[in-house]
Amino acid sequence: MSEFSRIDVIRTMTDTGLVPLFYHPDSEVMQNVVQACYRGGARVFEFTSRGAFAHEIFAELKKFTARECPEMMLGVGSVTDAAAASLYMNLGASFVITPVFREDIAVVCNRRKVLWSPGCGTLTEIAKAEEFGCEIVKLFPGSVYGPSFVKAIKGPCPWTSIMPTGGVTPDPDNLKGWFNAGVTCVGMGSQLITSEIIENGDYDVLEQQVHQVLKTIAGLR
């Protein structure tokens with residue numbers, strides 16, 4: 001069970017504006033990445049469940065963050081069915097992010113009062129997700145839709161909170177485009193946690209990059 005409430009997660013996503021996301025089959029690499037993001041100021045992190053036995057890596061990471069990064073809200077992404085969502089919630093996931101909108105995931109997460117964020121690509125999907133209690137919609141893939149899509153959605157539906165993932169970079173102009181369009185927060189993966197950082201073990205560089213992204217976001221608000 002998560003030690004953070006759904007409201008805690010919503011507020012933190014909104015306040016910081018950044019959700020780093022990453023997966024690696026090596027537990028030590030995952031721990032180094034999460035700790036670097038934490039030192040840089042991130043307080044929400046999405047573990048993307050994309051490998052065999054990924055839940056075992058998550059379980060170790062959850063215990064590590066509880067000890068070393070106590071304010072970090074660790075959630076899971078790339079979840080595609082209710083069974084997987086339930087498994088990760090039992091392992092302590094603070095939120096569940098999916099690439100698609102599925103009612104079965106909404107039901108199990110709402111039952112546990114755990115934040116879930118479905119991947120949506122149309123206003124109809126977004127409206128349906130909100131009817132099922134979605135607080136923050138994941139716009140995926142963000143690179144396909146762009147900030148103009150967000151701005152168009154916010155016109156008739158100013159209450160909708162959107163988190164684009166894919167197509168978001170640390171570049172100030174890129175971030176300015178998204179936040180000026182009205183996003184609540186952004187998800188950032190390989191553009192933030194680059195292959196070079198992982199290959200070279202440059203976790204200090206990652207820490208600095210996270211810090212700079214958060215500073216840029218704060219300046220745009």
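Scanning the stretch 146-161 for any residue that is within 24 Å of Glu3 (Cα to Cα) and modelled with pLDDT of 95 or more turns up at least one such residue. Of all the residues that make up the stretch 173-190, how many are over 12 Å from the mean Cα position of the chain (by Cα) and either of a type in the set (S, T, N, Q) or on the phi < 0 side of the Ramachandran plot (or both)? Here the count works out to 11. Residue count for the stretch 45-59 under the criterion of being surrounded by fewer than 22 Cβ atoms within 10 Å (Cβ to Cβ), touching a Phe, Trp or Tyr at 6+ places or on another chain (Cβ under 6 Å) and not in a loop (DSSP other than H, G, I, E, B): the result is 1. Find all pairs meeting these conditions: Cβ atoms under 7 angstrom apart; at least six residues apart or on different chains; first residue within the stretch 69-90 and closer than 22 Å to Ala36 by Cα; second residue at pLDDT 95 or above and among the basic types (Lys, Arg). Filtered contacts from the stretch 69-90: Glu71/Arg43; Met72/Arg43; Met73/Arg43; Leu74/Lys62.
Among the residues of the stretch 60-91, those identified as surrounded by 16 or more Cβ atoms within 10 Å (Cβ to Cβ) and part of a helix (DSSP H, G or I) are Leu61, Lys62, Phe64, Thr65, Ala82, Ala84, Ala85, Ser86, Leu87, Tyr88, Met89. Residue by residue through the stretch 13-27, note down the ones that are more than 19 Å from His55 (Cα to Cα) and either buried (at least 21 other Cβ atoms within 10 Å of the Cβ) or touching a Cys at 6+ places or on another chain (Cβ under 8 Å) (or both). Met13, Thr14, Thr16, Gly17, Leu18, Val19, listed by residue number. With a requirement of 2 or more residues that are in contact with a Leu (Cβ under 7 Å, 6 or more places away or on another chain), the helices (runs of 4 or more DSSP H) lying completely within the stretch 123-221 that satisfy it span 142-154, 172-181, 203-220.
Thr98 passes every criterion in (1) hydroxyl-bearing (Ser, Thr, Tyr); (2) buried (at least 22 other Cβ atoms within 10 Å of the Cβ); (3) at positive phi apart from (3). Of all residues in the stretch 123-145, those satisfying the criterion of being at pLDDT 95 or above and closer than 18 Å to Gly17 by Cβ are Glu135, Ile136, Val137, Lys138, Leu139. Taking the stretch 28-44 as the range and being closer than 11 Å to Thr16 by Cβ, in contact with a Ser or Thr (Cβ under 8 Å, 6 or more places away or on another chain) and surrounded by 19 or more Cβ atoms within 10 Å (Cβ to Cβ) as the test, the residues that pass are Ala42, Arg43, Val44. Every test in (1) surrounded by fewer than 19 Cβ atoms within 10 Å (Cβ to Cβ); (2) farther than 20 Å from Gly75 by Cα is passed by Pro141 save one, and that test is (2).
Only residues that are part of a helix (DSSP H, G or I), among the β-branched types (Val, Ile, Thr) and touching a strand residue (DSSP E or B) at 6+ places or on another chain (Cβ under 9 Å) were counted in the stretch 92-108, giving 2. Contact map, the stretch 149-162: residues that are closer than 15 Å to Val186 by Cβ paired with residues that are assigned to a loop (DSSP other than H, G, I, E, B) and among the aliphatic types (A, V, I, L, M), Cβ distance under 8 Å, separation 6+ or inter-chain. Pairs shown: Val150/Val183; Ile162/Val183.
The values are calculated or read from the model by the stated rules, or taken from the named source; none is laboratory data. Owing to the predicted nature of the structure, the values given are computational and were not obtained by experimental measurement. Cβ atoms come from the backbone with ideal geometry, glycine included; neighbour counts cover every protein chain shown.
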